Amino acid sequence: MSATSPTLTPELYAQERGLFCPVCESNDIRTGTLESFHQVVRQPCTCISCQATWNDTFVLTGYENLEFTP
Ligand SMILES: [Zn+2]
């Protein structure tokens with residue numbers, strides 16, 4: 001764990017739709033494999049510029065495009 005405060009809080013990061021580094025704001029990042037755990041999906045990310053690592057988190061918000069033929 002680094003003691004450095006990120007430039008962006010998780011909330012601001014989500015508002016900006018992610019896919020950039022929350023520390024240095026570089027969009028030169030590498031993303032790993034999505035892993036689901038209960039209602040949350042995590043994706044490990046690494047910043048190529050400053051070597052920061054974090055997990056993007058995705059939360060289930062519902063469903064759509066339901067099709068059902070009785
Ligand atoms: Zn960075």
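Identify all residues within region 1-24 that are surrounded by 15 or more Cβ atoms within 10 Å (Cβ to Cβ) and either touching an Asp or Glu at 6+ places or on another chain (Cβ under 9 Å) or closer than 16 Å to T57 by Cα (or both); write none if there are none. The answer is L8, Y13, G18, F20, C21, P22. Among the conditions (1) in contact with a Lys or Arg (Cβ under 8 Å, 6 or more places away or on another chain); (2) away from the ligand (no atom under 16 Å from the Cβ), the only one that V59 does not satisfy is (1).
Just one of the numbered conditions (1) at pLDDT 85 or above; (2) farther than 15 Å from N55 by Cβ is not true of T7: (1).
Here's the yes/no breakdown for (1) aliphatic (A, V, I, L, M); (2) assigned to a loop (DSSP other than H, G, I, E, B):
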{"site": "S5", "(1), (2)": "no, yes"}
{"site": "L12", "(1), (2)": "yes, no"}
{"site": "C24", "(1), (2)": "no, yes"}
{"site": "V41", "(1), (2)": "yes, no"}
{"site": "T57", "(1), (2)": "no, no"}
{"site": "G62", "(1), (2)": "no, yes"}
{"site": "T69", "(1), (2)": "no, yes"}
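The residues of region 13-56 that are away from the ligand (no atom under 15 Å from the Cβ) and among the hydrophobic types (A, V, I, L, M, F, W, C), listed by number, are A14, L34, F37, V40, V41.
The values are calculated or read from the model by the stated rules, or taken from the named source; none is laboratory data. Quantities reported herein were computed from a predicted structural model and do not represent experimental measurements. Positions of Cβ are generated from backbone atoms using ideal geometry, with glycine treated the same way; all protein chains shown enter the neighbour counts.
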